[in-house]
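Presented below is the structure to which this report refers.
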Amino acid sequence: MNTYTVLLEAHSGLRYLVLFLILFALIQSLAGWLGQKKYTESNRKINLFAMISAHMQLLVGIILYFYSPLVRTDDIGSAMKDSMTRYWTVEHAAMMLFAIVLFTVGHSRSKKAIEAVHKHRSVAIFYGLGLLVVIVSILQSGRPILGR
Ligand code: HEM
């Protein structure tokens, strides 16, 4: 296994953790928001771990970016002409970065909010939007959401 394969395996596998934790955080925050529940320590931890998993994915993604043969930063002109290299050079990174910004904003707004309902709401809205961006982006890649 070379460095590229190790990084691709790690990035590919981490997706499950990110998808699972974000979905979990989304479901519990929707339940908390709509059901007017308390914001518990376990809610806070799940929301935090979900955001951390996305940040770990960002880190591996940035390193992988420099190893992937599908990323063509040397000749952006021709990379843009091919839908596959355009996707991996620009679209994937940009959309996933946007999703991670949404997770981060949602988490930080939930920390600043005073009332439980507002904490739950900001996680529900921002994690929900971010998850949608992640799913659309993976669908666009032509690779399966779950699997290789
Ligand atoms: C929530 C964040 C992200 C998720 C869920 C995600 C998900 C994925 C998935 C599912 C793949 C395909 C793996 C496979 O076919 O086995 C992939 C590949 C890749 N991702 Fe991400 N990604 C994320 C963020 C990023 C970021 C921020 C970057 C770059 C800055 C990035 C760069 C790449 C690269 C270069 C590839 C490899 C393409 C290849 O050589 O096959 N990813 N990502």
remark   = Of the residues in segment 70-95, those that are small (Gly, Ala, Ser), more than 20 Å from the chain's Cα centre (by Cα) and either surrounded by fewer than 16 Cβ atoms within 10 Å (Cβ to Cβ) or at positive phi (or both) come to Gly77, Ser78, Ser83
remark   = Taking segment 123-148 and keeping only residues that are in a helix (DSSP H, G or I) and free of Cβ contacts under 8 Å to residues at least 60 places away in the same chain, one is left with Ile125, Phe126, Leu129, Leu132, Val133, Ile135, Val136, Ser137, Leu139, Gln140, Ser141
task = Among what's in segment 29-45 and is open to solvent by 30 Å² or more (accessible area, probe 1.4 Å) and within 24 Å of Ile145 (Cβ to Cβ), pick the residue that is nearest to the ligand (Cβ to nearest atom).
result = Leu30
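The values are calculated or read from the model by the stated rules, or taken from the named source; none is laboratory data. All values derive from a computational prediction rather than experimental measurement. For neighbour counting, all protein chains shown are included, and Cβ atoms are generated from backbone atoms with ideal geometry for every residue, glycine included. Areas reflect the complete protein model, heavy atoms only, side chains present, ligands, DNA and RNA absent. Shrake-Rupley method; radii C 1.70, N 1.55, O 1.52, S 1.80 Å.
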